[in-house]
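J.: One structure, pasted below without further comment.
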Amino acid sequence: MRYRPSDVRAAKYRAAGIEPPAIDQLPLRTKLPPVIVTRMTKGGVGKTSISVNVAAAMAMMGYRVLMIDADPQASASNLLGIETAIYETDILHIGHFLKKPSNAPDEDLPGAIKHIYEGGFLDLIPADITLAETDASLVAVLSSHTRAELFLNRNSTFFAQHYDVIVVDTAPGTTPVGLAFSFAAKQSGKVLTVVEPEGSCLRALDSLASNLAEIKAITGANIGMEVVINKYHPSLKHVRESMGFLYSKYGSMLNDSIIPQFSGFARQLSAAAKEDAGPLVEFESISIGAAAVIDVAKSLIHSYGITMPGLPAGVE
Ligand SMILES: Nc1ncnc2c1ncn2[C@@H]1O[C@H](COP(=O)(O)OP(=O)(O)OP(=O)(O)O)[C@@H](O)[C@H]1O
Ligand SMILES: [Mg+2]
């Protein structure tokens, strides 16, 4: 990294004519910061690649980001350098918190958080495969869809003090954990959806839309979608046709940026490059893939109303 997130943050305060506050003297935010939840019924579309890179891009822009890995595959955790391949592990995953029906703040929450960037700019609640047990146990829990909201609300003071945004990477399909986070996304009014412009992915998008409509019918929660198109490759006929479908049916929900098919996304996790694997925005920061992700991150800062405490919205 050529500059530190804290330098960028300080520059933004100075540009607004405010002396940058020390981290322990920040003006207090009183409510939960915006929560970006990625959802897609189909696997392998790029949810993790987009959400981790958006989180890293926002951190590099000086926002304090908490990433929650809500997928037992733990791909976001691995991409951020958390090792899950060894049997002994100290990972306290999100399932531990979702299983508790409590209203009292979680005293063990700080212990679950791993610091990825210095200064608290990118923190992570990692996952591992045992998170799958939570899906199984939530199935039998009454109103399990409210558990992520309950977790966020009971710890809202902690989150408000430490973070400007929370980014949640969920598993593909419609798992109880993913459903609970979709329901929690009602405070932002939408989930972040990633689609590839190809037929089965478009049908999966229709399924997600009906899933959200069902949530609305049952609970009254109005949750829309912001759709990011990923793996765009204009020379392929089915891609061009799918783009037409996306614009006609989901036009108003599409993010303006389109992420191209770009090999750097695959290199992020390459075992051969393990030493310098990590988010594309960090390791190939001037690539076309990174530029597209940074555009998405900027637009989400506006559409989710992400701010730094004490600064007016929209200061860049
Ligand atoms: N724009 C892109 N261009 C090329 N490859 C990409 C792009 N985006 C993602 N990929 C690759 O596609 C694969 C799936 O990506 P990723 O793991 O981010 O998807 P996902 O939706 O999170 O998957 P899952 O459903 O398993 O959680 C990875 O190998 C990733 O490197
Ligand atoms: Mg994933």
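The values are calculated or read from the model by the stated rules, or taken from the named source; none is laboratory data. Being a predicted model, the structure only gives us computed values, none of them experimental. Using ideal geometry, Cβ is built from the backbone for each residue, glycine included, and neighbour counts are taken over all protein chains shown. We work out accessible area using only protein heavy atoms, side chains counted, and drop any ligands, DNA or RNA first. Shrake-Rupley method; radii C 1.70, N 1.55, O 1.52, S 1.80 Å.
J.: Roughly speaking, what is the stretch gain from R4 to I129, that is 0.36 nm per residue apart minus the C-alpha to C-alpha distance, in nm to one decimal?
T.: Separation in residues times 0.36 nm, less the Cα-Cα distance, equals 41.7 nm.
J.: Where in the chain are the DSSP H helices whose C-alpha atoms run 24 Å or more along the long axis and whose mean Kyte hydropathy is at least -1.0?
T.: Both cut-offs are met by 199-219.
J.: For the chain, modelled as a GNM with alpha-carbon contacts under 10 angstrom, which of F265, F245, F151 fluctuates the most?
T.: F245
J.: Still on this structure, I have one more. Go ahead and set up a Gaussian network model of the chain, Cα springs under 10 Å, then flag whichever of V177, V191, V141 fluctuates most.
T.: Maximum among the listed residues: V141.
J.: Anyone know which of A11, A290, A76 comes out most mobile in the 10 Å Cα GNM of the chain?
T.: Maximum fluctuation in the GNM of the chain, among the listed residues, is at A11.
J.: DSSP loop (so not H, G, I, E, B), at most 13 other Cβ within 10 Å: list which GluC sites (Glu not before Pro) in the stretch 68-165 pass both filters.
T.: Answer in residue order: E83, E88, E107.
J.: How long is the gain from N153 to Y87 if the chain were fully straight, where each residue apart is worth 0.36 nm and the alpha carbon distance is subtracted?
T.: In short, 20.5 nm is gained.
J.: Right, something else. Restricting to DSSP H runs of at least four residues, report the calculated mean residue ellipticity at 222 nm for the chain, -39500 (n - 2.57) per run over all residues, nearest 500 deg cm²/dmol.
T.: -12000 deg cm²/dmol
J.: log₁₀ I(q)/I(0) of the chain at q = 0.10, 0.12 Å⁻¹, via Debye over equal Cα point scatterers, no solvent, to two decimals?
T.: -0.54, -0.80
J.: Also: If we restrict to alpha carbons, what Rg and Dmax does the stretch 188-257 come to, in Å?
T.: Here Rg and the maximum Cα pair distance are 12.8, 43 Å.
J.: Considering amide H positions built from the backbone, and no H for Pro or chain starts, which residues 5 or more places from V165, or on another chain, come under 5 Å of its amide H?
T.: Here R64, L66 satisfy the definition.
J.: Just report the Cα centroid separation between the stretch 229-246 and the stretch 203-218, whole Å.
T.: The stretch 229-246 and the stretch 203-218 have Cα centres separated by 23 Å.
J.: Indicate the gyration tensor shape class of the stretch 159-217 (rounded, prolate or oblate), computed on the Cα atoms with a ≥ b ≥ c the square roots of the eigenvalues: a/c under 1.5 is rounded; otherwise a/b larger than b/c is prolate and the rest oblate.
T.: In terms of gyration-tensor shape, prolate.
J.: OK, next. Whole number in Å², please: accessible area per residue of the chain, 1.4 Å probe, ligands, DNA and RNA not counted.
T.: Solvent-accessible surface per residue comes out at 43 Å².
J.: Now a separate question. For the stretch 62-156, which trypsin sites (Lys or Arg not before Pro) pass both filters: DSSP loop (anything but H, G, I, E, B) and at most 16 other C-beta atoms within 10 Å?
T.: K99
J.: Taking amide H positions as placed 1.01 Å from N in the peptide plane, with prolines and chain starts having none, which residues 5 or more places from R39, or on another chain, fall under 5 Å of its amide H?
T.: L192, T193, V194
J.: Same structure again: Could you run the Karplus curve 6.51 cos²θ - 1.76 cosθ + 1.60 with θ = phi - 60° over the stretch 221-228 and give me ³J(HN,Hα) per residue in whole Hz, x for Gly and Pro?
T.: Karplus-based 3J(HN,Hα) across the stretch 221-228 equals 6, 9, 10, x, 10, 10, 10, 9 Hz.
J.: In whole Å, how far is the Cα centre of the stretch 31-93 from that of the stretch 108-165?
T.: Using only Cα atoms, the two centres lie 11 Å from each other.
J.: Place a point 7 Å from the Cα of H238 along the Cα-to-Cβ direction; which residues of the stretch 179-213 have their backbone N under 17 Å from it?
T.: Of the residues in the stretch 179-213, 195-206 have backbone N under 17 Å from the label point off H238.
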